[in-house]
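To start, the structure itself, in structure tokens.
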Amino acid sequence: MPVIHTHVSTPLTKENREHLKAAYGKAIQAVPGKSEGWLMCPFESDMPIYFGGDDSRPAAYVEVNVFGSSVPKSAWESLTKSITAALGDELGIPADRMYIRYTATTDWGWNGGNF
């Protein structure tokens, strides 16, 4: 039950979303037990994002949430590389204009109940 929620200051086309979703689907496999089959990818575009007080250049804030209590640091590091590359390649967002936040939780609801 991973979620990769992407907030970007740039416009996003359906093609951009499809390419990012595919890249994220491969990247999430770095987290033990996670796959694209349960991956949710909400996208928000054209957001004003001030980074260091400046909104004149593209920026991104990405939240990665997974069901679980322990994720190896190496998995998060792999995801950072993959997400940074995908957003850079697809939208031209520089790596130094992105924040990626990771959360693992054992409190997760789905289908009217909790795991």
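The values are calculated or read from the model by the stated rules, or taken from the named source; none is laboratory data. Note that the structure is predicted; figures quoted are calculated from it, not measured. Glycine also receives a Cβ, built like all others from the backbone with ideal geometry; neighbour counts cover every protein chain displayed. Side chains are part of the model used for accessible areas, which takes the heavy atoms of the whole protein and leaves out ligands, DNA and RNA. Shrake-Rupley method; radii C 1.70, N 1.55, O 1.52, S 1.80 Å.
Between 1, 47, which is of a type in the set (A, V, I, L, M, F, W, C), in a loop (DSSP other than H, G, I, E, B) and under 30 Å from residue 113 (Cβ atoms)?
Details: 47 fails: under 30 Å from residue 113 (Cβ atoms).
Result: 1 is the single residue among 1, 47 that is of a type in the set (A, V, I, L, M, F, W, C), in a loop (DSSP other than H, G, I, E, B) and under 30 Å from residue 113 (Cβ atoms).
Being of a type in the set (Phe, Trp, Tyr), within 20 Å of residue 98 (Cα to Cα), assigned to a strand (DSSP E or B) and in contact with a strand residue (DSSP E or B) (Cβ under 8 Å, 6 or more places away or on another chain) narrows it down to one of 61, 24, so name that one. Reasoning before the result, please.
Working: 24 fails: assigned to a strand (DSSP E or B).
Within the list 61, 24, the selection yields 61.
In region 102-115, what count of residues is obtained for those that are assigned to a strand (DSSP E or B) and farther than 16 Å from residue 40 by Cα?
Number satisfying all stated conditions: 2.
Among the numbered conditions (1) among the small types (Gly, Ala, Ser); (2) more than 30 Å from residue 114 (Cα to Cα); (3) in contact with a Gly (Cβ under 9 Å, 6 or more places away or on another chain), tell me where residue 33 comes up short.
So residue 33 meets the others, but not (2).
Only residues that are in contact with a Ser or Thr (Cβ under 8 Å, 6 or more places away or on another chain), assigned to a loop (DSSP other than H, G, I, E, B) and either open to solvent by 80 Å² or more (accessible area, probe 1.4 Å) or hydrophobic (A, V, I, L, M, F, W, C) (or both): list them for region 27-44, please. Steps first, please.
So the first thing to find is which residues in region 27-44 are in contact with a Ser or Thr (Cβ under 8 Å, 6 or more places away or on another chain), and the list is 27-30, 41-44.
With assigned to a loop (DSSP other than H, G, I, E, B) added as a condition, the list becomes 41-42.
Within region 27-44, just 41 meets the criteria.
Considering only region 18-26, I want to know if a residue exists there that is among the hydroxyl-bearing types (Ser, Thr, Tyr) and crowded, with 18+ Cβ neighbours inside 10 Å. Write out each step before concluding.
Residues of region 18-26 that are among the hydroxyl-bearing types (Ser, Thr, Tyr), as a first pass: 24.
Then keep just the ones that are crowded, with 18+ Cβ neighbours inside 10 Å; that gives 24.
Within region 18-26, one or more residues are among the hydroxyl-bearing types (Ser, Thr, Tyr) and crowded, with 18+ Cβ neighbours inside 10 Å.
Could you please let me know if residue 52 is of a type outside the set (Val, Ile, Thr), open to solvent by 40 Å² or more (accessible area, probe 1.4 Å), over 13 Å from the mean Cα position of the chain (by Cα) and farther than 12 Å from residue 83 by Cα? Spell out how you get there, then give the answer.
Details: of a type outside the set (Val, Ile, Thr): yes; open to solvent by 40 Å² or more (accessible area, probe 1.4 Å): yes; over 13 Å from the mean Cα position of the chain (by Cα): yes; farther than 12 Å from residue 83 by Cα: yes.
The answer is yes for residue 52.
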